[in-house]
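Taken together, the values in this text are just the output of simple stated rules run on the coordinates, not laboratory data. Bear in mind that the values here come from a model prediction, so they are computed numbers and not experimental data.
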Amino acid sequence: MRDWMLIMILVAILLPQAAFGGDSFKIIVHPSVKETSLTKVALMHIFLKKTTKWQDGQWIKPIDQTKSAKVRQAFTKAVHGRSVSAVKNFWQQRIFSGRGVPPLEKASDAQIVSYVLSHPGAIGYVSVNAPIGDAKVITIK
């Protein structure tokens, strides 16, 4: 398990910025989140629930798209350096061992935006052209 995490961290660090999402998705957060940018590794830790609080102490509430969503596949490849199935397997092991549960899943960009806007501390990702209302876009450094 440790080797897998080390590989994921190295892949996230070494991924070129252009491969990180480019035209396929954007990261959004609740307007109360003070952060304006995250590293790829920080983003990976948030969605694997290794990091559970923002710098101001507010709980982080990550939200995923459903497994079959194209934006989920692009996000997972860019952030985790793995397939959606591989990340699902990671979560199955965590659940079985009683060490955590995966982020909630929503079926559309609109549902992700709605969740993010109604849950302080929430973070999600949507298609690059999705309307996001008052949600805040986070840049990746």
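Return the long-range amide H neighbours of Lys106 (sequence gap of 5 or more, or a different chain), with a cut-off of under 5 Å between placed amide H atoms.
Hits under the 5 Å cutoff: Asp64, Gln65, Thr66.
Which whole-Hz couplings ³J(HN,Hα) result when phi for each residue of the range 33-47 is put into the Karplus expression 6.51 cos²θ - 1.76 cosθ + 1.60, θ = phi - 60°, listed in order with x for Gly and Pro?
After applying 6.51 cos²θ - 1.76 cosθ + 1.60, I find 6, 7, 4, 10, 8, 9, 7, 4, 5, 4, 5, 4, 4, 5, 6 Hz.
Quick one: what are the phi-derived ³J(HN,Hα) couplings along the range 127-141, Karplus 6.51/-1.76/1.60 with θ = phi - 60°, whole Hz, x for glycine and proline?
For the range 127-141, the Karplus curve yields 4, 4, 9, 5, x, 10, x, 8, 5, 9, 8, 9, 8, 10, 9 Hz.
Explain nothing, just compute: Karplus ³J(HN,Hα) = 6.51 cos²θ - 1.76 cosθ + 1.60, θ = phi - 60°, for every residue of the range 102-110 in order, whole Hz, x for Gly and Pro.
Karplus-based 3J(HN,Hα) across the range 102-110 equals x, x, 4, 10, 10, 8, 7, 4, 4 Hz.
If amide H atoms are built 1.01 Å from N in the plane of the peptide, which residues on other chains or at least 5 residues away come under 5 Å of the amide H of Phe25?
Here the answer is Val128, since their amide H atoms fall under 5 Å of that of Phe25.
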